[in-house]
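Visitor: The following block contains the structure, expressed as structure tokens.
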Amino acid sequence: MSGYTLCALALLCALLPAGVVASRGDGIDRLVGLELVGSVGAVFMLVLAQVSHQSYFLSVPLVLVPMSFAGTLVFTRLLGRRVK
């Protein structure tokens, strides 16, 4: 078992608490969980691409990062209307 595999397992275990934070609480807590799931998920996919030695697996996190950022901006805008 290589270091990359152990890192992938640790990141996979980190997705569970991030998913719980993203699914519970008020809007701000869910936004923080959404950001955490997006960043941990992108790093997990990068490590998975390194473990499998398949360079085409890098296209998914390359698309996930800007989409996660754009989704956070939209969610923040919608949440801002409710908080006032």
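Visitor: To the nearest 10 square angstrom, how much accessible area does Leu62 have with a 1.4 angstrom probe?
Guide: Accessible area of Leu62: about 130 Å².
Visitor: What helices in the chain pass both tests, a Cα length along the helix axis of 18 Å or more and a mean Kyte hydropathy of 1.6 or higher, using whole DSSP H runs?
Guide: Going by DSSP H runs, the hits are 3-23.
Visitor: Percent of accessible area on the chain owned by carbon and sulfur, 1.4 Å probe?
Guide: Whole-percent figure for carbon plus sulfur exposure: 73.
Visitor: Heavy-atom accessible area per residue, the chain, 1.4 Å probe: how many Å²?
Guide: Working: 5950 Å² over 84 residues.
Per-residue value: 71 Å².
Visitor: Another question, then. About the Cα centre, and with charges only on the beta carbon of Lys, Arg (+1) and Asp, Glu (-1), how big is the dipole of the chain? Nearest 20 debye, please. List each step's numbers first, then the result.
Guide: On the way: 6 positive and 3 negative charges, 82 e Å.
Result for the chain is approximately 400 debye, rounded to the nearest 20.
Visitor: Next question, about the same structure. Starting from the Cα gyration tensor of the chain, take the square roots of the eigenvalues, sort them a ≥ b ≥ c, and report rounded, prolate or oblate (rounded when a/c is under 1.5, otherwise prolate if a/b is larger than b/c, else oblate).
Guide: It comes out oblate by the Cα gyration axes.
Visitor: Toward the positive end of the charge dipole of the chain, about the Cα centre and with charges on Cβ (Lys, Arg +1; Asp, Glu -1), which of Gly27, Leu15, Leu48 goes farthest?
Guide: About the Cα centre, the residue reaching furthest to the positive side is Gly27.
Visitor: Also, quick follow-up: Just read off the accessible area of Met67 with the full protein assembly in place, 1.4 Å probe, to the nearest 10 Å².
Guide: 130 Å²
The values are calculated or read from the model by the stated rules, or taken from the named source; none is laboratory data. Bear in mind that the values here come from a model prediction, so they are computed numbers and not experimental data. Methodologically, a virtual Cβ is constructed for each residue, glycine included, from the backbone with ideal geometry; neighbour enumeration extends over all protein chains shown. Only protein heavy atoms, including side chains, enter the accessible area calculation; ligands, DNA and RNA are left aside. Shrake-Rupley method; radii C 1.70, N 1.55, O 1.52, S 1.80 Å.
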